[in-house]
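Okay, so here's the structure we're looking at.
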Amino acid sequence: MNKNHELHTNSHLRNTYFFEIGIGISANSILLLFHILKFTSGHRPKPTDLPIGLLALIHLLMLLISAFIATDIFISRRGWDDITCKFLIYLYRIFRGLSLCTTSLLSVLQAIILSPRSSCLAKFKHISPYHMLCALLFLSIFYMFISSHLLVSIIATPNLTLNNAMYVTQSCSILPMSYLMQSTFSTLLALRETFLISLMVLSTFYMMTLLCRHKKKSQHLHSTSLSPKASPEERATQIILLLVSFFVVIYCFDCIISCSRTMFRNDPTPYNIHFFVVHIYAMVSPFVFMSTEKHIGNLLRSMCEKVINV
């Protein structure tokens with residue numbers, strides 16, 4: 001491990017990251033507040049409102065914890081103890097896992113909503129939000145278990161240099177595990193993420209197929225001079241398709257950088273890139289969801305007008 005890590009001296013990287021995290025916290029706070037007001041005002045929520053609001057909450061908490069971690073990377077100088085390191089890093093990993101779980105469940109839910117009545121998925125159309133929360137809770141407990149090794153391997157960085165430890169922050173490091181432990185937890189993690197990503201990909205292809213069929217029917221029923229407007233369900237599906245595709249691209253990029261970071265432990269470049277990339281989805285996703293909500297757009301527009309007039 002590099003004793004004099006240079007990340008905290010890089011002001012450009014620090015400013016870029018805190019700008020990213022600030023935008024993400026603000027956007028997710030607005031999206032979460034909108035859905036809270038929507039639930040409390042008595043309006044009938046859409047089936048996707050609960051997972052979208054939950055995703056905003058998860059991203060908000062993840063980015064807040066990430067801000068503490070970034071402070072220890074760029075500003076602090078080894079001020080955390082073992083308990084603080086274990087608690088923050090473990091929670092951060094849990095919320096990253098919840099982001100994947102919720103996005104996967106959201107894509108499956110939208111595929112169910114879009115499916116025709118003759119489809120085998122039609123019987124799940126009236127699924128209760130509580131069933132979705134139960135599924136998310138089960139996946140969360142499973143992920144907490146397969147991430148439990150961090151409670152042992154994360155330590156406060158000692159004063160003496162450990163050549164076999166991996167840098168996390170100025171205060172925290174990861175100790176290497178035995179081959180058996182590493183293989184077990186890595187296999188469980190790979191199975192979980194492969195399952196969730198596969199659900200995303202399958203639901204994405206299914207929704208794309210349904211949209212293509214609907215487009216062909218519309219072209220057959222309408223003249224070529226007319227362009228029938230997409231239904232709200234179709235617009236929501238297009239947004240979620242865009243979001244899921246973006247998530248999968250970011251996830252693949254994240255995996256590549258993580259592998260390179262493992263191979264080149266003393267090279268800070270993969271770590272710099274990885275630290276920025278992993279939060280792009282949490283920053284971009286609320287803007288994608290807000291683009292479909294006219295009420296949020298009108299609210300933000302009126303706020304901007306008030307600020308300009310002042």
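The values are calculated or read from the model by the stated rules, or taken from the named source; none is laboratory data. Here the structure is a predicted model, which means the values were calculated and not measured. Note: ideal-geometry Cβ built from the backbone for every residue, glycine included; neighbour counts use all protein chains shown.
Kindly indicate which of Pro51, Pro47 is surrounded by 16 or more Cβ atoms within 10 Å (Cβ to Cβ) and either touching an Asp or Glu at 6+ places or on another chain (Cβ under 8 Å) or outside any helix (DSSP H, G or I) (or both).
So the residue among Pro51, Pro47 that is surrounded by 16 or more Cβ atoms within 10 Å (Cβ to Cβ) and either touching an Asp or Glu at 6+ places or on another chain (Cβ under 8 Å) or outside any helix (DSSP H, G or I) (or both) is Pro47.
Search segment 111-122 for residues being within 21 Å of Leu243 (Cα to Cα) and out of contact with any Asp or Glu (no Cβ under 8 Å at 6 or more places or on another chain), and hand back the single one that is modelled with the lowest pLDDT.
Ser115
Of all residues in segment 47-57, which are closer than 11 Å to Ile25 by Cα and in contact (Cβ under 8 Å) with a residue 40 or more places away in the chain?
Within segment 47-57, Ala56 is the sole residue that qualifies.
Given the criteria at pLDDT 85 or above, surrounded by fewer than 20 Cβ atoms within 10 Å (Cβ to Cβ) and either polar (S, T, N, Q) or in contact with a helix residue (DSSP H, G or I) (Cβ under 7 Å, 6 or more places away or on another chain) (or both), does Thr40 qualify?
Here the answer is no, as Thr40 does not meet what is asked.
Quick one: Pro232 ticks every box in (1) more than 23 Å from Thr103 (Cα to Cα); (2) at pLDDT below 65 except a single one, so which number is it?
Pro232 satisfies every listed condition except (1).
Return the residues of segment 78-102 that are touching a residue at least 60 places away in the same chain (Cβ under 8 Å), out of contact with any helix residue (DSSP H, G or I) (no Cβ under 8 Å at 6 or more places or on another chain) and surrounded by fewer than 19 Cβ atoms within 10 Å (Cβ to Cβ); say none if nothing qualifies.
Result: Arg78, Asp81, Asp82, Thr84.
Look through Ile73, Ile69 and report the one residue that is touching a Phe, Trp or Tyr at 6+ places or on another chain (Cβ under 7 Å), crowded, with 19+ Cβ neighbours inside 10 Å and either in contact (Cβ under 8 Å) with a residue 40 or more places away in the chain or assigned to a helix (DSSP H, G or I) (or both).
Exactly one of Ile73, Ile69 is touching a Phe, Trp or Tyr at 6+ places or on another chain (Cβ under 7 Å), crowded, with 19+ Cβ neighbours inside 10 Å and either in contact (Cβ under 8 Å) with a residue 40 or more places away in the chain or assigned to a helix (DSSP H, G or I) (or both), namely Ile69.
Could you tell me whether segment 249-258 includes any residue that is surrounded by 15 or more Cβ atoms within 10 Å (Cβ to Cβ), at pLDDT below 80 and closer than 17 Å to Ser107 by Cα?
Looking for residues that are surrounded by 15 or more Cβ atoms within 10 Å (Cβ to Cβ), at pLDDT below 80 and closer than 17 Å to Ser107 by Cα, one finds none in segment 249-258, hence no.
Tally the residues that are assigned to a helix (DSSP H, G or I) and at pLDDT 70 or above, restricting the search to segment 123-163.
23
Residues being of a type in the set (Lys, Arg) and at pLDDT 90 or above: count how many of those fall in segment 74-92.
Number satisfying all stated conditions: 1.
Name the single residue that is surrounded by the most Cβ atoms within 10 Å (Cβ to Cβ) among those in segment 170-190 being part of a helix (DSSP H, G or I) and within 24 Å of the chain's Cα centre (by Cα).
Restricting to residues being part of a helix (DSSP H, G or I) and within 24 Å of the chain's Cα centre (by Cα), the top hit is Phe185.
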